[in-house]
Ligand SMILES: [Zn+2]
């Protein structure tokens, strides 16, 4: 992580969604080649009287196939992550400084799992109630469907048929 930040070279990657197990579980009809495009950039920021602060900027964009909560069909939700993090030495410092920091705080680790962080962020960025603006199958009739409606009206009404059956039953 330290070396990555000191390099200052942004990392631009494409990761298959199916490789993110926790996220993939939320998807409906995930294509094998569905991917998230992301970049991560480290930055050293001078701090008065201290070692430079280690910062990370994570950005990601993905179209995630979720389940529409109205029609239960697949709905593509565009999800974006754009987050700054500041690394601190210990969990205690992170807890103590978290309230007064606009940026998220992360504890510096020798092998920092960037993909796990990205997956966490994507999970948090998911819409709470994914829904089509307009579901492909509309439950109510629109003007264009009136013809179909009158056609079906000529067919025997299932309730009428049921009523007829009931009558017969009574007769028997
Ligand atoms: Zn829908």
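Derivation of every value follows stated rules applied to the coordinates shown; laboratory data play no part. What you see is a predicted model; the values in this text were computed from it and never measured. Neighbour counts are summed over all protein chains in view; Cβ atoms, including those assigned to glycine, are modelled from backbone coordinates with ideal geometry.
Suppose we filter 73, 49, 29, 53 for residues that are surrounded by fewer than 18 Cβ atoms within 10 Å (Cβ to Cβ) and touching a residue at least 60 places away in the same chain (Cβ under 8 Å); which single one remains?
One residue alone meets the criteria, 73.
Among the residues of the range 59-92, how many are within 16 Å of the ligand (Cβ to nearest atom), over 10 Å from the mean Cα position of the chain (by Cα) and under 16 Å from residue 27 (Cβ atoms)?
7
Let's see how each residue does on (1) surrounded by 15 or more Cβ atoms within 10 Å (Cβ to Cβ); (2) touching a helix residue (DSSP H, G or I) at 6+ places or on another chain (Cβ under 8 Å); (3) free of Cβ contacts under 8 Å to residues at least 12 places away in the same chain:
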{"position": "57", "(1), (2), (3)": "yes, no, no"}
{"position": "68", "(1), (2), (3)": "yes, no, no"}
{"position": "77", "(1), (2), (3)": "yes, no, no"}
{"position": "88", "(1), (2), (3)": "yes, yes, no"}
{"position": "91", "(1), (2), (3)": "no, no, no"}
{"position": "95", "(1), (2), (3)": "no, no, yes"}
{"position": "101", "(1), (2), (3)": "no, no, no"}
{"position": "119", "(1), (2), (3)": "yes, yes, no"}
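Here is a list of conditions, (1) in contact with a strand residue (DSSP E or B) (Cβ under 8 Å, 6 or more places away or on another chain); (2) more than 16 Å from the ligand (Cβ to nearest atom), and residue 25 meets all of them except one; can you say which number that is?
(1)
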